[in-house]
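Notes for the one structure printed next.
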Amino acid sequence: ARELGVPIVMHDYLTGGFTANTTLAHYCRDNGLLLHIHRAMHAVIDRQKNHGMHFRVLAKALRMSGGDHIHAGTVVGKLEGEREITLGFVDLLRDDFVEKDRSRGIYFTQDWVSLPGVLPVASGGIHVWHMPALTEIFGDDSVLQFGGGTLGHPWGNAPGAVANRVALEACVQARN
């Protein structure tokens, strides 16, 4: 990837496996590349409430395995989830210290010490009208990935990108 000038490598840590992911994470860090983590197949593991494991467990495993950012749901858009639970695993991904908070699915205080965090990526069915909610939910330390929400703008791709940027700046300015 480095020889090709690719700045970001994307890997699905669930289908590729944790050993492959850790190896790839070390390769990316050693070569100045970002590692974007996809989570295809997670629903097979975490959507069934009677068996499987919750995504917060998968998020912790990813943080230990390595990665720079991961699709983390949105609360809005098509990758919706319960707000407090989503915020709980978003904090587990990026914060160094997370207090116990059962309402967010955090059942014990967790100190990650110096283990690098993982930026949450909000993507999947999000568009400019979701911007106020996205900036409130995810704050500054996140990636907002607009695909169809930009490309599907009625005036075209460039106006879609401008609309997203203007909305983001307006939300940040309104907050500050």
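Hey, any hits in segment 65-81 for a residue that's surrounded by 18 or more Cβ atoms within 10 Å (Cβ to Cβ), free of Cβ contacts under 8 Å to residues at least 40 places away in the same chain and touching a helix residue (DSSP H, G or I) at 6+ places or on another chain (Cβ under 8 Å)?
no
Any residue at all in segment 111-134 that's among the aromatic types (Phe, Trp, Tyr) and farther than 27 Å from Ala167 by Cα?
yes
Results for (1) closer than 12 Å to Leu62 by Cβ; (2) surrounded by fewer than 19 Cβ atoms within 10 Å (Cβ to Cβ), shown as yes or no for each residue.
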residue: Ala1; (1), (2): no, yes
residue: Pro7; (1), (2): no, yes
residue: Tyr13; (1), (2): yes, no
residue: Gly16; (1), (2): yes, yes
residue: Ala20; (1), (2): no, yes
residue: Asp30; (1), (2): no, yes
residue: Leu35; (1), (2): yes, no
residue: His38; (1), (2): yes, yes
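So, in segment 139-157, how many residues would count as being within 20 Å of Val90 (Cα to Cα) and modelled with pLDDT of 90 or more?
Result for segment 139-157: 4.
So, Val143, is that one surrounded by fewer than 19 Cβ atoms within 10 Å (Cβ to Cβ) and among the aliphatic types (A, V, I, L, M) or not?
yes
Within segment 84-126, work out how many residues are part of a loop (DSSP other than H, G, I, E, B) and aromatic (Phe, Trp, Tyr).
Of the residues in that region, 3 qualify.
Applying the selection to segment 139-168, what residues are farther than 24 Å from His36 by Cβ, in a helix (DSSP H, G or I) and not hydrophobic (A, V, I, L, M, F, W, C)?
Across segment 139-168, the qualifying residue is only Pro159.
The values are calculated or read from the model by the stated rules, or taken from the named source; none is laboratory data. This structure is a prediction, so every number in the text was calculated from the model and none was measured. For neighbour counting, all protein chains shown are included, and Cβ atoms are generated from backbone atoms with ideal geometry for every residue, glycine included.
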